[in-house]
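Student: Got a structure for you, questions after.
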Amino acid sequence: MGHISLDKIVALQRNPVNTRNLCILAHVDHGKTTLADCLVASNGIISSRLAGKLRYLDSREDEQLRGITMKSSAISLHFRNGEQDYLLNLIDSPGHVDFSSEVSTAVRLCDGAIVVVDAVEGVCPQTQVVLRQAWLENIKPVLVINKIDRLITELKLTSLEAYGHVQKILGQVNAVTGTLFTSRVLEERAEKEKEEEEQKDSEAFSGDQLYDWSAGLEETDDSHLYFSPDQGNVVFASAIDGWGFSIQQFAQIYSQRMGIRAEVLLKTLWGDFYLNAKAKKIMKGAQAKGKKPLFVQLVLDNIWSLYDAVVIRRDKQRVEKVVTSLGIKVMARDLSHSDPKVLLSAICSQWLPVSKSVLSMVCEKLPSPLDMEVERVEKLMSVGARQFESMPQQTQQLKKAFLQCSCEENAPVIVFVSKMFAVDNKALPQNKQRPLTQEEIARRRELARQRQADRMESNQGLTESQRAPSPSEAAPQESQPVRLNPVKTESLVSPDSKSEKEEEQKETFIAFARVYSGTVKKGQKVFVLGPKYDPAQGLSVLPESCTASDCELEVPHLSCCTVDSLYLLMGRELEELKEVPAGNVLGIGGLEEFILKSATLSSSPACPPFTPLNFEATPIVRVAVEPKHPSEMPKLVQGMRLLNQADPCVEVLIQETGEHVLITAGEVHLQRCLDDLQSRFAQIEISSSKPIIPFRETVVRPPKVDMVNEDLGKQQKVAIIHQVKEEASQGRLSSTLHVDTTGLVTLTTPNKMATLCIRAIALPQEVTSLLESNTELIRTLEHINMTLRESKSLDVSLRTLEAIAGLKAQLESLLKGRKWRNAVERIWAFGPRRCGPNILLNSVEDYHRLSVWQCLGNAATDVGSQAAVIRDYDNSIISGFQLATLSGPMCEEPLMGVCFSVERWEVQSSTLPQHQDQQEENAACLEASEAGTAEEGGIKNLSEGPSGGLSQMKSRPEAASADCYGPVSGQLIAAMKEACRQAFQAQPQRLMAAMYTCEIMATAEVLGRVYGVLGKREGRVLHEEMKEGTDMFIIKAVLPVAESFGFADQIRKRTSGLASPQLVFSHWEVIASDPYWVPTTEEEYLHFGEKADSANQALKYMNAVRRRKGLYVEEKIVEHAEKQRTLSKNK
């Protein structure tokens, strides 16, 4: 197929029935970009000989160097399937785990996906991830089993063995799909049953009930979900050799040759069928009778014999026979080429072109924009806790526009921008050099001739002046400036040209988007909907039929912008368009001031913002960056702002220390971000710190054995008492602070107004994991509670309420035992940031506050006057807890898995004379005592609340409300924070390290080396298994993030490139060693010695963090060290 014109693509965009938006998903190195090259070559954009070598959609230099895709890029292709012309908007996405956020941005804009699986490696970790991402976005996948040639050339399997191997791979892919399907069906079943139970509650119900777990699964039809060659959703291919086929192609070939109907062959080519040569019939039971399956006999044997003739034996006579039997023409230079792969691809690209089989499968099996499911539309439009039915009527009517995919003038414009990407200004169509006309060429020729003549004349004049005698030197000097005038004018012009060059170097941001409804036109004004925009609020403020062009009122999270330019994305090229109708992927220019990473654009204020993208990778690797020359700091700040906009996953922040920090998903992602920052966005020399490793601080239950596994018994208790006494003598226990032997901390505020008793308790591991995985839900819960406290109305979706109730039920089932009795109802707050994995527990007697679960409708009400009074300072206690959990005492890292139980909280009333006496004793000078008296006077008035009773509080409501923000509030926050820190330190403290799960595929001969590298880096192997039909082992291990830098390179070096790890952030794990451990028992002294100076991993990590943050580190510094010399050496 030849090169397609822009006009043809524009015409095809108007027909959404024949438009397909699809992306290519796979694990790293499974052949996505090579397959994309083959598809691009079918349109004549690149040569078919370069397909697989050029990697056309990998336009970045570092992508070409590393050989992996780092960003998702789109291209529009034309394909003629039968009598129909199709437009295919293809997006190639990365397979490396560090760039899985790019996959999320691609998947959101598509209706279907090509999932590519390596025939040798099979289903890998990232294959499962991309299948899950496609499932979550409700897009339909088709399967390409790539690299079939490796089964012939590398594994040297027979055609029958290869058939069994491919069947296993299909089974693995279908198992992943089946798991996703089962989980959804069971969820829907549970919801349905809940509704039925609610209906039956009102009616009398008797008789035995039997619960059938499989009922939901049996009723639901899932046949369309699975991949099977006879359904036409599987293609077998070798993209590098340029061939691929589906069963349909061979069914048509053999139906003509054998005289068997194509429909029969379609059903029997894949499966346990064989050809009975005598009866000339297709029979079942090939495996039982030891016969070759039909697929092996008719399909694979032909491909195996072709590879045998061309690649393995290089038999020219057989090759000529094959070429004549297939009826294809091969060029003489291909036949005589020294590389057999050239001849192979020349034959295969004509016999079974991969582009034809894949693109015809895409056209037939993937849905068009018109076939979008209702469920997907509702899911996209329902943000957070809101349910679709509770939205305004105008918003619900937009669903029709979505489903119709209408591009009429009156249809509302709805566009979703999934990411912003930077493009060099030179690459924009308007800045490209256009071909010159004949008149311009003639004009330029004349100018060049004139310039040459002037130059010749000036040179002649200079030679004459040199020959002239000395008396006449004055005359040439007068005339010389006239000749040199052009040089001066050039020097005057140069600053402008420099500024033009600087402008040319700048990057322009283009939005990567899709039109879901209406037609977007150049110069059109649209609304930009922020993620927190509420359409109900927008519609109530704005007048009816208000458009973006006449909107003057300010609405929260709503702004207006103009669409400057529209682009057709063609891989490395961009083509300018005037308008783009619904159902197409496009690039939009001029939105960099309005959109940070992703957004929803619409011409109607009734449109809600789309649900946020699902990112699989968590940004975990942090580095601090600074310019080499401090004067270039503004350029760095601007560069980091641009980088933050250009990368969907990266996070940029300024820490309290003033450091500019970059948070990325992994080592490769970090390197790409630093390169971009230095060469594209900041364009300055930068220096980056060593990666900042995140840790968490926690407490554990007191250990029962010591470091030499001896039973502690009473020795540990004695050691704790000694430690408390020792710290008291050092001044830790002051007059306001008391820590008892059970770990209960009692702290009084400096003004003696409030006393707090707090105990730190370790949360069970399951509870910590539950809280961490439900961060978003807890944040939603906090938002609902805040709205209820402000007496505002909020429509919460039933699904959100069920999720909150489910979280509460799970917590109740996990927090069992005497010390956790009724603990879930007494939860005061979560922290840090009100949604973290730590709990503040209300164990104060006679203080009944509103429960955090009040949105479920069974919250306890405030009881008594005291509760109403203390309620004024309730927020101070929460604020102190939030501050304490945000930075722990070990190395100022956030806490995790700690429960702080407030067991006593008293606000004491006192009389003024007592305080004056106390101040006179403690004050150093008269001024200080006067200031203190004034302060205490204010506090005394405030403290009259509890003593004066409820009637006095009611009589002075203004005073009470003002006093709650007075000095007591601040002191209570500080006291709460300090009490939490002391309670934390009274328990056995531990550091928690971030852990990666590491999946390594390696052959048996390098297995020992892999284990060696893992052992050196504190890794722990969980399990290993051999992949069936190969000599590959899959090793699953956990590795601390702190030890992961350079790990992939080291593995590759040690194994000569035969093993490569995939690192994905998994969980937080407690480091077993105590950073403060010193030998206490006699056995420990004997085993470790008095110094016990063997390497303590937790202490090493803790001191590294403290040193980086500028905190005090207890370590010995040796000054003026002299090397010890023996007498014999001195001589």
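The values are calculated or read from the model by the stated rules, or taken from the named source; none is laboratory data. Nothing here was measured: the structure is a model prediction, and the numbers come from that model. Here the Cβ is made from the backbone with ideal geometry for all residues, glycine too, and neighbour counts use every protein chain on show. The accessibility values were calculated without ligands, DNA or RNA, using every heavy atom of the protein model including side chains. Shrake-Rupley method; radii C 1.70, N 1.55, O 1.52, S 1.80 Å.
Student: Using beta carbons and a limit of 6 Å, which pairs, at least six apart or on different chains, have the first residue in the stretch 506-535 and closer than 25 Å to residue 382 by Cα and the second one part of a strand (DSSP E or B) and of a type in the set (Gly, Ala, Ser)?
Tutor: Listed pairs, sorted by first residue: 512/418; 527/602; 528/559; 528/599.
Student: Which one of these is acidic (Asp, Glu) and either modelled with pLDDT of 90 or more or open to solvent by 80 Å² or more (accessible area, probe 1.4 Å) (or both): 301, 315?
Tutor: Details: 315 fails: either modelled with pLDDT of 90 or more or open to solvent by 80 Å² or more (accessible area, probe 1.4 Å) (or both).
Checking each option against the conditions leaves just 301.
Student: Look at residue 626 and say whether it is in contact with a strand residue (DSSP E or B) (Cβ under 8 Å, 6 or more places away or on another chain), closer than 24 Å to residue 533 by Cβ and open to solvent by 70 Å² or more (accessible area, probe 1.4 Å). Write out each step before concluding.
Tutor: Numbers: in contact with a strand residue (DSSP E or B) (Cβ under 8 Å, 6 or more places away or on another chain): yes; closer than 24 Å to residue 533 by Cβ: no; open to solvent by 70 Å² or more (accessible area, probe 1.4 Å): yes.
It is false that residue 626 is in contact with a strand residue (DSSP E or B) (Cβ under 8 Å, 6 or more places away or on another chain), closer than 24 Å to residue 533 by Cβ and open to solvent by 70 Å² or more (accessible area, probe 1.4 Å).
Student: Checking residue 611 against (1) within 25 Å of the chain's Cα centre (by Cα); (2) at pLDDT 90 or above: exactly one of these is not met. Which one?
Tutor: (2)
Student: Hey, can you tell me all the residues within the stretch 572-595 that are open to solvent by less than 50 Å² (accessible area, probe 1.4 Å) and either assigned to a loop (DSSP other than H, G, I, E, B) or among the small types (Gly, Ala, Ser) (or both)?
Tutor: Taking the stretch 572-595 as the starting set, the residues that turn out to be open to solvent by less than 50 Å² (accessible area, probe 1.4 Å) are 574, 577, 580-591, 595.
Residues satisfying the conditions are 582, 583, 584, 587, 589, 590, 591, 595.
Student: Would you check if residue 1073 is among the hydroxyl-bearing types (Ser, Thr, Tyr) and closer than 30 Å to residue 66 by Cβ?
Tutor: On the way: among the hydroxyl-bearing types (Ser, Thr, Tyr): yes; closer than 30 Å to residue 66 by Cβ: no.
So residue 1073 fails the test.
Student: Just to verify a result, which residue in the stretch 596-608, among those that are at pLDDT below 90 and open to solvent by less than 10 Å² (accessible area, probe 1.4 Å), is nearest to the chain's Cα centre (by Cα)?
Tutor: The qualifying residue nearest to the chain's Cα centre (by Cα) is 608.
Student: Go over the candidates 686, 663 one by one and state the one that is surrounded by 14 or more Cβ atoms within 10 Å (Cβ to Cβ) and in contact with a helix residue (DSSP H, G or I) (Cβ under 7 Å, 6 or more places away or on another chain).
Tutor: On the way: 663 fails: in contact with a helix residue (DSSP H, G or I) (Cβ under 7 Å, 6 or more places away or on another chain).
The match here is 686.
Student: Those residues that are assigned to a helix (DSSP H, G or I) and either among the β-branched types (Val, Ile, Thr) or modelled with pLDDT under 85 (or both), I need them from the stretch 245-261; list them, please. Steps first, answer last, please.
Tutor: Taking the stretch 245-261 as the starting set, the residues that turn out to be assigned to a helix (DSSP H, G or I) are 247-258.
Those that are assigned to a helix (DSSP H, G or I) and either among the β-branched types (Val, Ile, Thr) or modelled with pLDDT under 85 (or both): 247, 253, 256, 257, 258.
To keep it simple, each residue is scored yes or no on (1) out of contact with any Pro (no Cβ under 8 Å at 6 or more places or on another chain); (2) open to solvent by 60 Å² or more (accessible area, probe 1.4 Å); (3) among the aromatic types (Phe, Trp, Tyr).
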{"residue": "1026", "(1), (2), (3)": "yes, yes, no"}
{"residue": "1037", "(1), (2), (3)": "yes, no, no"}
{"residue": "1044", "(1), (2), (3)": "yes, no, no"}
{"residue": "1053", "(1), (2), (3)": "yes, yes, no"}
{"residue": "1060", "(1), (2), (3)": "yes, yes, no"}
{"residue": "1098", "(1), (2), (3)": "no, no, no"}
{"residue": "1103", "(1), (2), (3)": "yes, no, no"}
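Student: State which residue is nearest to residue 187 (Cα to Cα) when the search covers only the stretch 823-854 and only residues that are at pLDDT 85 or above and open to solvent by 40 Å² or more (accessible area, probe 1.4 Å).
Tutor: Only one residue tops the list, namely 825.
Student: Those residues that are out of contact with any Phe, Trp or Tyr (no Cβ under 7 Å at 6 or more places or on another chain) and crowded, with 16+ Cβ neighbours inside 10 Å, I need them from the stretch 273-282; list them, please.
Tutor: 273, 274, 275
Student: For residues in the stretch 1087-1108 being in a helix (DSSP H, G or I) and at pLDDT below 75, which is nearest to residue 699 (Cα to Cα)?
Tutor: 1088
Student: Next question, about the same structure. Can you work out which of the residues in the stretch 739-777 that are touching a Gly at 6+ places or on another chain (Cβ under 8 Å) and among the aliphatic types (A, V, I, L, M) is nearest to residue 873 (Cα to Cα)?
Tutor: By that ranking, first place goes to 760.
Student: Return the only residue of 116, 185 being crowded, with 22+ Cβ neighbours inside 10 Å, farther than 18 Å from residue 303 by Cβ, aliphatic (A, V, I, L, M) and in contact (Cβ under 8 Å) with a residue 12 or more places away in the chain.
Tutor: On the way: 185 fails: crowded, with 22+ Cβ neighbours inside 10 Å.
None of the other options fit; the residue is 116.
Student: Quick check on my filter: what residues within the stretch 616-640 are touching a Pro at 6+ places or on another chain (Cβ under 8 Å) and outside any loop (DSSP other than H, G, I, E, B)?
Tutor: Once the filter is applied, which keeps residues that are touching a Pro at 6+ places or on another chain (Cβ under 8 Å) and outside any loop (DSSP other than H, G, I, E, B), the stretch 616-640 yields 621, 622, 623, 633, 635, 636.
Student: Now for a different question. Return only the number of the condition from (1) open to solvent by less than 10 Å² (accessible area, probe 1.4 Å); (2) among the aliphatic types (A, V, I, L, M); (3) not in a strand (DSSP E or B) that residue 613 does not satisfy.
Tutor: Tallying (1) open to solvent by less than 10 Å² (accessible area, probe 1.4 Å); (2) among the aliphatic types (A, V, I, L, M); (3) not in a strand (DSSP E or B), residue 613 fails exactly one: (1).
Student: I'd like the full set of residues that are touching a residue at least 40 places away in the same chain (Cβ under 8 Å) and part of a helix (DSSP H, G or I), limited to the stretch 343-359.
Tutor: Narrowing the stretch 343-359 to residues touching a residue at least 40 places away in the same chain (Cβ under 8 Å): 344-345, 347-349, 351-359.
Result: 344, 345, 347, 348, 349, 351, 354, 355, 356, 357, 358, 359.
Student: Does residue 766 satisfy the condition of being touching a helix residue (DSSP H, G or I) at 6+ places or on another chain (Cβ under 9 Å), open to solvent by 70 Å² or more (accessible area, probe 1.4 Å), closer than 27 Å to residue 1068 by Cβ and assigned to a helix (DSSP H, G or I)? If you could, list the steps in order and put the result at the bottom.
Tutor: On the way: touching a helix residue (DSSP H, G or I) at 6+ places or on another chain (Cβ under 9 Å): yes; open to solvent by 70 Å² or more (accessible area, probe 1.4 Å): yes; closer than 27 Å to residue 1068 by Cβ: yes; assigned to a helix (DSSP H, G or I): yes.
So residue 766 passes the test.
Student: Output yes when any residue across the stretch 391-404 is among the basic types (Lys, Arg) and touching a residue at least 60 places away in the same chain (Cβ under 8 Å), and no when none is.
Tutor: no
Student: Further question on the same structure: Quick test for you: out of 228, 325, pick the one residue that is of a type outside the set (Asp, Glu), surrounded by fewer than 18 Cβ atoms within 10 Å (Cβ to Cβ) and modelled with pLDDT of 90 or more. Talk me through it step by step, then tell me what you get.
Tutor: Details: 325 fails: modelled with pLDDT of 90 or more.
Checking each option against the conditions leaves just 228.
Student: Could you please let me know if residue 1067 is under 26 Å from the mean Cα position of the chain (by Cα), closer than 30 Å to residue 774 by Cβ and either modelled with pLDDT under 90 or open to solvent by 40 Å² or more (accessible area, probe 1.4 Å) (or both)? Break it down stepwise before answering.
Tutor: On the way: under 26 Å from the mean Cα position of the chain (by Cα): yes; closer than 30 Å to residue 774 by Cβ: yes; either modelled with pLDDT under 90 or open to solvent by 40 Å² or more (accessible area, probe 1.4 Å) (or both): yes.
In short, yes.
Student: Restricting to the stretch 741-763, what's the tally of residues that are part of a strand (DSSP E or B) and among the polar types (S, T, N, Q)? I'd like the intermediate steps shown before the answer.
Tutor: Restricting attention to the stretch 741-763, the residues satisfying the condition of being part of a strand (DSSP E or B) are 745-748, 754-762.
Then keep just the ones that are among the polar types (S, T, N, Q); that gives 746, 748, 755.
Here the count works out to 3.
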